[in-house]
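The values are calculated or read from the model by the stated rules, or taken from the named source; none is laboratory data. Just so it is clear, the structure is predicted and the values come from calculations on it, not from any experiment. Please note: Cβ atoms are built from the backbone with ideal geometry, for glycine as well, and neighbour counts cover all protein chains shown. Side chains are part of the model used for accessible areas, which takes the heavy atoms of the whole protein and leaves out ligands, DNA and RNA. Shrake-Rupley method; radii C 1.70, N 1.55, O 1.52, S 1.80 Å.
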Amino acid sequence: MPETENRTTLTPDTPVQYLKGVGPKLAQRFEKLGIRTLADLLQHYPRRYLDFTHPYPPAEAPVGVECVVRAQLLAKQGGRYAAGGRRVEKATAGDDVATLELTWFNNPYTIQKLEIGQEYYFQGVVAGGLLRRQMVNPQVRTAAQVSAVPLIPVYPQTDGLNSGAIGRCVAQLLPHAELLGDPLPPALLQKYRLPSKAQAVRDIHTPATPQAAQEARRRLIFEELLVLQLGMGLLKNRGSASTGAPMRRADPAPFWASLPFAPTGAQRRAVDQILEDMAGPRSMNRLLQGDVGSGKTLVAAAALWAAVGAGYQGALLAPTELLAQQHAETLNRLLAPFGIRVALLTGGLKAAARRTTLAAIRAGEADLVVGTHAILSEGVEFARLGLAVIDEQHRFGVRQRGALAEKGASPHLLVMSATPIPRTLGLLIYGDLDISILDELPPGRTPVKTRVMGGARRRDLYGFLDREIGAGRQVYIVCPAIEEGPDGGLAPVKTYYEQTAKALLPDRRVGLMHGKLKPKEKAAVMEDFRAGRLDALVSTTVIEVGVDVPNATVMVIENAERYGLSALHQLRGRVGRGAAESWCFLVSDNTAPAVQNRLRFLCSTTDGFAVAQYDLETRGPGDFFGSRQHGLPTLQIADLAANTRPLHAAQSEAAAILSADPLLDQPQHRLLADQVARMFDRAGPMN
Ligand code: ADP
Ligand code: MG
């Protein structure tokens, strides 16, 4: 990278464009992978390696999996054009025992460079029987290349930026690995016998041996978990302030009396715990956990009612515009009779409306503010925020919790989640929170009947939908997002809407909802559905959280195999909200036993805790630890379920560091504090 160095001194924050061969276009692709700076790139770790250290002889290579075969090149058959215009190159390699037939498509260059009689390493998937082994489009390397780089890193890649290209950029940068500095205190490196940061970064990208890669991984996992624990610890230290919203213990009786139905016992208990907390000397920090449909919104309403009654303002933060809108309507319906004024604040608001709303919030004329993360933006000032509620908290980063609390002088905080969390992990994520659980559904619900079916029966299914609609019910049909369209033969939501849903329900009013619609359009579609002006709603998973339309009784989920069980359970929770019998159909053409078993499991239970437990044990796609389900920052390399030992070590080391340096602002911890900021800044809201 000599020319770069002449122009500028490299820092961890230098943009990737400074690398040779990286222009604005490539930089954009890097950005897709979350890589903006040199530090980001150095810390974009490979997922796995192509291991050339243990090549197979042709006869012993396993069939059907990726492997490396070492063999002599015996003959080149030359190239030709196959039907369809594809260029085909063929060659034969082998040893005394067996041969391997090699084929390349549209790649005449590789074979040109190969010499007959030379030994090579061929990497790819072996097909065929013992007598006729084949490999298509293998990567070829010489012995010299292999001894220089025995393990080739495989990186998470994106369109127009493949693993190889990423590897070349990383290789350019590795001589500068010291740029990153070492956030781990020397004492910890010694205690756990960990390599330095620069060493670990070099070894994880270009390990000399599998052991070196392993050691590098161990060090980087420990670092990541320590940073995570420090971040959680800092949040906790901040949360234990004495309250800025003291109030007397409210009596919820008038609120309960105003409802058209009786609260469940669980709702009463949760509200009592909350009112008790809010009357205490410290700010409330409470998690309300309850399965979908358990009635968390009502508990939030009771708490907000009490806060306003005590003279404070309240805020309710929702992860989507759709949900914010719905909550504003619900709270307005429940609380307007008490003279409580509810304002809606979302990103979709026009400038003038936004100004008026902001002024009302600042002047204390709005008692409750319901909104998306727009509430967290600068310029939103409360006159006297006393209680902040976060709905579907797992959809937000942990950082948002802190940000909302900072909008007032230590207000009370209530976070709500439908994602059940195994206890050990709960302590880690919510160590700073008290927990209330809604373990009782409102009366009169019948459990949703769940069925798995293949796409071949779609016509019958639509016949059923048509009959339900005829009986006055409404239905949801969920299918994959637009972006996921072209590959894998999945019908993107728009095509599906036009060619399947509308075609099979010709006499019904079918609406379309997806993430690319403007907030206004989304709200309009949802309003049409809620008001019964639409019979069926074809949607992406944007309706996964919170949407509440009791008249909807059928949930169809296309390509159900693509979603984690917890997500499917959330989607299913959109129906079964009234007394009528409700159905959930999981449509999938994937007949793999693992997939079918996973989907069938959902048919056997409607208990969210059981679903989470199964997810945890089977580690399906989008599972509990795989993504987004818990609101923790995204981890690059550590795995909370698998790395429990380093997790415990990191937990106790973080506690030790914070007890000596509670705000992590001593100079020897500067790099650690930087890493914490980096990790938690990324944990932004998802929508
Ligand atoms: P979630 O816990 O999933 O957020 P909601 O708050 O959306 O659940 O409530 C689900 C539905 O149950 C709503 O239609 C709500 O009006 C209704 N509901 C809540 N509490 C009760 C109750 N005690 N009795 C009857 N219906 C209730
Ligand atoms: Mg809800």
*When you look at V493, is it more than 16 Å from ligand 2 (Cβ to nearest atom) and at pLDDT 90 or above, yes or no?*
no
*Among (1) in contact (Cβ under 8 Å) with a residue 12 or more places away in the chain; (2) part of a helix (DSSP H, G or I) - the single one G164 does not satisfy*: (1)
*State which residue is farthest from L517 (Cα to Cα) when the search covers only segment 341-398 and only residues that are of a type in the set (V, I, T) and within 16 Å of ligand 2 (Cβ to nearest atom).*
V389
*Which is within 16 Å of ligand 1 (Cβ to nearest atom), free of Cβ contacts under 8 Å to residues at least 40 places away in the same chain and aliphatic (A, V, I, L, M), of L322, L298?*
L298
*in a loop (DSSP other than H, G, I, E, B) and open to solvent by less than 90 Å² (accessible area, probe 1.4 Å) - does that describe any residue in segment 23-32?*
yes
*Which ones in segment 394-421 are within 12 Å of ligand 1 (Cβ to nearest atom) and either at pLDDT below 80 or assigned by TED's automatic domain parsing to the domain that holds V545 (or both)?*
T419
*Read through the list (1) within 30 Å of R87 (Cα to Cα); (2) surrounded by 14 or more Cβ atoms within 10 Å (Cβ to Cβ); (3) polar (S, T, N, Q), then give the number of the only condition that Q172 fails.*
(1)
*Got a number for residues in segment 78-123 being touching a residue at least 40 places away in the same chain (Cβ under 8 Å), at negative phi and of a type in the set (G, A, S)?*
1
_For the condition under 30 Å from R678 (Cβ atoms), aromatic (F, W, Y), open to solvent by 40 Å² or more (accessible area, probe 1.4 Å) and within 41 Å of the chain's Cα centre (by Cα), what is the one hit in Y45, Y56, Y49?_
Y49
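Let's see how each residue does on (1) open to solvent by 20 Å² or more (accessible area, probe 1.4 Å); (2) within 24 Å of the chain's Cα centre (by Cα); (3) among the β-branched types (V, I, T):
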| position | (1), (2), (3) |
| --- | --- |
| A262 | yes, no, no |
| G290 | no, yes, no |
| Q325 | yes, yes, no |
| A343 | no, no, no |
*Keeping to segment 193-211, report how many residues are in contact with a Lys or Arg (Cβ under 9 Å, 6 or more places away or on another chain) and either open to solvent by less than 60 Å² (accessible area, probe 1.4 Å) or at pLDDT below 95 (or both).*
7
_All positions within segment 581-602 that are closer than 11 Å to G454 by Cβ, without any contact (Cβ under 8 Å) to a residue 40 or more places away in the chain and not in a loop (DSSP other than H, G, I, E, B)_ = none
*Restrict the check to segment 238-261 and report whether at least one residue is within 16 Å of ligand 2 (Cβ to nearest atom) and touching a residue at least 24 places away in the same chain (Cβ under 8 Å).*
no
*asked:* Here are the criteria: (1) open to solvent by 50 Å² or more (accessible area, probe 1.4 Å); (2) small (G, A, S); (3) at pLDDT below 90. Tell me which single one A592 does not satisfy.
replied: (1)
*Looking only at residues in segment 268-291 that are of a type in the set (D, E, K, R) and free of Cβ contacts under 8 Å to residues at least 60 places away in the same chain, which one is nearest to ligand 1 (Cβ to nearest atom)?*
R268
*Could you tell me which numbered condition A270 fails, if it satisfies all but one of (1) within 14 Å of ligand 2 (Cβ to nearest atom); (2) within 27 Å of the chain's Cα centre (by Cα)?*
(2)
_Anything in segment 568-584 that is buried (at least 24 other Cβ atoms within 10 Å of the Cβ) and more than 14 Å from ligand 1 (Cβ to nearest atom)? List them, or say none._
L568, C584
